[in-house]
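Here's the structure, in structure tokens; my notes come after.
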Amino acid sequence: MPELVIAIDGPSGSGKSSVSRRVAQALGLAYLDTGAIYRAATWWCLDQGVDLADPVAVLAAVREMPLDMGVDPSSPTVRVGETDVTAAIRSEDVTGAVSKVSSNLEVRAVLRQLQQDAIAHEGRPDSFSGGLGIVAEGRDITTVVAPEADVRVLLTASEEARLARRAREVHGSADASAVEATRAFVVQRDKKDSAVTSFLEAADGVVTIDSSELSFEETVQAVLELVERRR
Ligand code: DC
């Protein structure tokens, strides 16, 4: 196993992706965005013309997905076969459909194994981190995928803070109309996702960091301090 595994969980807009990437960069670790794996699976099903309402067909397609995750935190990439889907998996089509794939429990089992393999791979000297380890980020990573991680964090933020961040990301501003346009999307998606994953409350041994009142740098620092305490 890698020397250090850091698992970071949390709802949309908690900042878990950018914080995880920065922490990985600071420590020379690989970075795994598990949400991107669910997105890639969704992209693949759409690309293959699979009916997302047919769970058996979705499972069969996901089992065959030729996924290649690039784990460099300064430029994470996602490839499916010969296609670089790093940008395509952020499209509205994929974002709107991903819950249909991620709520399929058999698909989750396949993708969980894939995530665990990617984490274990970073224990190898010929991996990106050279055996140092990985920051893995996404729903249920601290509880189901990597419950044995050295550092487990639930990154939360108030709903207002999360909505404002997503609005800035998607619409370039956090004024009232941008926040409203974001609300349905963020709140509903978290509600759908929370039917199959639990990421709103910290499990035993998982440290909660509330970033509502913290800057990005302060949040990164808070995670680095937890790592330091573990050493
Ligand atoms: O974090 P994100 O928005 O990129 O995640 C995309 C979707 O995948 C989201 O709807 C939740 C789901 N997901 C999941 O069910 N389990 C994970 N470990 C990561 C993401």
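The values are calculated or read from the model by the stated rules, or taken from the named source; none is laboratory data. Quick caveat, the model's predicted, so the values are computed rather than measured. Virtual Cβ from ideal backbone geometry, glycine too; neighbours counted across all protein chains shown. To get the accessible areas, we keep the full protein, side chains included, count just its heavy atoms, and leave off ligands, DNA and RNA. Shrake-Rupley method; radii C 1.70, N 1.55, O 1.52, S 1.80 Å.
So how strong a dipole does the chain carry about its Cα centre when Lys and Arg Cβ are +1 and Asp and Glu Cβ are -1, to the nearest 20 debye? List each step's numbers first, then the result.
Numbers: 24 positive and 36 negative charges, 29 e Å.
Here the size comes out at about 140 debye.
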Q: Find which of MET69, PRO55, ALA88 sits farthest along the positive direction of the dipole of the stretch 28-98, computed with +1 on the beta-carbon of Lys and Arg, -1 on that of Asp and Glu, about the Cα centre.
A: MET69
Q: Compute the distance in nm between two label points, each set 7 Å from the Cα along the Cα-to-Cβ direction, one at VAL170 and one at GLN116.
A: 3.4 nm
Q | the stretch 50-137 - Rg (one decimal) and Dmax (whole number), Cα, Å | A | 14.4, 42
Q | Under 5 Å, built H, 5+ apart or other chain: amide partners of THR86 | A | VAL78
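For the chain, compute the orientation-averaged projected area of the C-alpha convex hull (one quarter of its surface), in nm².
Working: hull surface 48.0 nm².
Averaged projected area of the chain's Cα convex hull equals 12.0 nm².
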Q: Could you state how much accessible area PHE216 has, in square angstrom rounded to the nearest 10, with a 1.4 Å probe and all protein chains kept in place?
A: 80 Å²
(Q) Testing the spin-label approximation: label points 7 Å from Cα along Cα→Cβ at ASP84 and GLU213. State their distance in nm. (A) 4.3 nm
Q: Express as a percent, rounded to the nearest 5, the fraction of DSSP beta bridges in the chain (both residues included) that run antiparallel.
A: 25 percent
Q.
Modelling each spin label as a point 7 Å along the Cα-to-Cβ direction, I'd like the GLU160/ARG189 distance in nm, to one decimal.
A. 2.3 nm
Q) What does the accessible area of LEU46 come to, in Å² to the nearest 10, when a probe of 1.4 Å is used? A) 80 Å²
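Could you give the DSSP H helices of the chain that reach 18 angstrom or more along their long axis (alpha carbon positions) and whose average Kyte-Doolittle hydropathy is no lower than -1.0? Before the final figure, lay out each step's value.
Details: long enough: 34-47 (20 Å, 0.24); 105-121 (24 Å, 0.00); 176-193 (25 Å, -0.54); 216-230 (22 Å, -0.16).
Span-like helices here: 34-47, 105-121, 176-193, 216-230.
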(Q) Can you give me the solvent accessible area of ASP190 with a 1.4 Å probe, rounded to the nearest 10 Å²? (A) 10 Å²
Q.
Can you tally the net charge around ASP9? Count Lys and Arg as +1, Asp and Glu as -1, for every other residue whose Cβ sits under 9 Å from the Cβ of ASP9.
A. +1
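Can you show me the helix-derived [θ] at 222 nm for the chain, built from DSSP H runs with n ≥ 4 at -39,500 (n - 2.57) apiece and divided by the number of residues, rounded to the nearest 500. Can you show the working numbers first?
Values: 8 runs with 109 residues, N = 231.
Helices in the chain give a 222 nm mean residue ellipticity of -15000 deg cm²/dmol.
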